[in-house]
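The values are calculated or read from the model by the stated rules, or taken from the named source; none is laboratory data. Not measured: the values here are computed from a predicted model. Counting neighbours? That spans all protein chains shown, and the Cβs are built from the backbone with ideal geometry, glycine included. Surface accessibility is based on the protein's heavy atoms, side chains included, excluding ligands, DNA and RNA. Shrake-Rupley method; radii C 1.70, N 1.55, O 1.52, S 1.80 Å.
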Amino acid sequence: GEAAAAAAAAGAGAGASSAGGGSRSRAGGDVIGDDEALARALQEEEDRATGQTSARRRRATTTPASDSVPPGACPGCRRVVSAFEGYVTAMGARWHRGCFTCGACGGAIGGTHFATRDGAPFHRSCYREKFAPRCGVCDEFIGGTGGSRAANANEAGGSVRFMTHPYWGTVFCPEHEFDGTRRCDGCDRMEARGGRGVATGGYGSGASVGASSSCGEFAELPDGRAMCLECASTAVIDAEHDGTPLYDDVCVFFSKRDLPLLPERPPLHLVSQDTLNDADDNEGWHRGRTARTRGLCLFEEHTVYTVERTPDFAGGFFPVGFKERVVGQSRGATVVNAVVVLYGLPAVCAGAILAHECTHAYIRMAGGYPRLRPKIEEGLCQLMALLWVEHVAARGIETMGVGSGRKVRSGGGGKGASSSSSSSLAKGGDGWEEHNLAAMAGFVANQIRTDPTEVYGDGLRDALAAYQKHGLGAVFAHVRRTGELPR
């Protein structure tokens, strides 16, 4: 979405200060100085005990507290500002020159313009470094003091326009939506310029792209899709080496919930996007339901017709043929030919799609289910996908060794074989692979939960509510008996 901030320097609100002159008054200086020294000594002792930083102390001394500042006193030191002392007027009060300091660097604020945040003044440059939106793609401040971004900000009527990823929170310039910047097909994050990995921009200088979780240009798959290094590290490329262990994990997950696919599970095929689109066009299952297809359950559904045949005399004395009339029909056997998943996706994403398609397969292989409305069937499939993802987030993908207690990686799909020991996610593992898996699981689960469509999104939310109230077995049993979700 778009966000707007004031256009001064880095989107900060600008304030004006005015200077007053005169020599410093010495009246009462000794008494006030002693009280001030005592207060500061006590504050420093408390700060050391609580671990506060000097920067936070500086900010606290420059933040006005109108309820405790006496009339005519400086908000920084609470001392009365004499007309003969040097002072500045800002933020509705008079400040000693040495008290009106930046909440970031602690330096005195000179000039006529400054920025404020949470009641504290800042140098405009310090405000930009600390709070201004910084593009995660090009690593530049958005709406800076010069260049095309500043011009665009001025043309936009004094506001700074930028985009934010709805899940990852990455901040980026609007033009990167249309300038060919690549997005990872697994996690939807943008590629940072200069081969610096995924874009991680946010606010302030700490949001530099250099702080991204990995470096290196995105990998490109043969069909043109791009993958970040995190997603590529668990990409499911080869059906035998990558797909089979993942399929095993999904099937075990189903079996433990009394939805067995073994030993009759249909074959798994990993295909390109073009091949998947062609198969989907022939099947017509997703037509009008989703903008993009990443998985399919290919099945043949047979219908048995009861036909009545009577002689056709055609107005003569001898029959010249037969007339046929369908007097009844019933559903015959359904054969699941294959489960098809888009190749190259990270393991968590591919596994969620596989769990979804396996639910389609189970409904047809188990038998006894009536023809379900799309919202009911797709809702159940999304429910199983979500439950599998949440299971993986807690335990890892055990059959692939991803995020589990002992990681054993296959050598297929261009990934080198390796093994190592680490704590499981359930035991609080802190390895790179565990963090990567947990991040992807959160992203995929969020995609499932926040789907805005009626068939998939509302279907999932209805199925999830029924599951939370009745349990998984009761939900499937009720659907099999009535074709509807239990209330």
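Only strands (runs of 3 or more DSSP E) whose full extent lies in the stretch 84-148 are considered here, and the ones with at least 2 residues that are among the aliphatic types (A, V, I, L, M) and modelled with pLDDT of 80 or more are 87-90. Is at least one residue of the stretch 336-352 modelled with pLDDT of 70 or more, open to solvent by 20 Å² or more (accessible area, probe 1.4 Å), over 30 Å from residue 184 (Cα atoms) and not hydrophobic (A, V, I, L, M, F, W, C)? Yes - at least one qualifying residue is present in the stretch 336-352. Answer yes or no as to whether residue 297 is closer than 30 Å to residue 435 by Cα and either modelled with pLDDT of 75 or more or surrounded by 12 or more Cβ atoms within 10 Å (Cβ to Cβ) (or both). Criteria not met by residue 297.
Give the residue that is farthest from residue 259 (Cα to Cα), with candidates limited to residues of the stretch 461-472 that are free of Cβ contacts under 8 Å to residues at least 40 places away in the same chain and open to solvent by less than 50 Å² (accessible area, probe 1.4 Å). Taking the candidates together, the pick is 466.
For a quick check of your reading of the model, give me the residue pairs whose first member lies in the stretch 268-297 and is over 19 Å from residue 447 (Cα atoms), whose second is at pLDDT 80 or above and surrounded by fewer than 18 Cβ atoms within 10 Å (Cβ to Cβ), with beta-carbon atoms closer than 7 Å and at least 6 apart or on different chains. Listed by first residue and then by second, the contacts come to 269/338; 272/223; 273/223; 274/223. You will find that of 402, 392, 455, 475, the residue that is open to solvent by less than 50 Å² (accessible area, probe 1.4 Å), closer than 15 Å to residue 347 by Cβ, modelled with pLDDT of 85 or more and not hydroxyl-bearing (Ser, Thr, Tyr) is 392 and no other. One residue stands out in the stretch 234-278 among those that are open to solvent by less than 30 Å² (accessible area, probe 1.4 Å) and among the small types (Gly, Ala, Ser): the one that is nearest to the chain's Cα centre (by Cα), namely 235.
For the stretch 109-130, the criterion of being among the β-branched types (Val, Ile, Thr) and over 30 Å from residue 170 (Cα atoms) is met by at least one residue. Selection over the stretch 361-373 of residues that are open to solvent by less than 50 Å² (accessible area, probe 1.4 Å) and either in a helix (DSSP H, G or I) or free of Cβ contacts under 8 Å to residues at least 60 places away in the same chain (or both) gives a count of 6. Figure legend. Inter-residue proximity from the stretch 151-172: first residues at pLDDT below 50, second residues open to solvent by less than 20 Å² (accessible area, probe 1.4 Å) and of a type outside the set (Phe, Trp, Tyr), beta-carbon distance below 6 Å, spacing 6+ or different chains. Indicated pairs: 153/143; 153/160.
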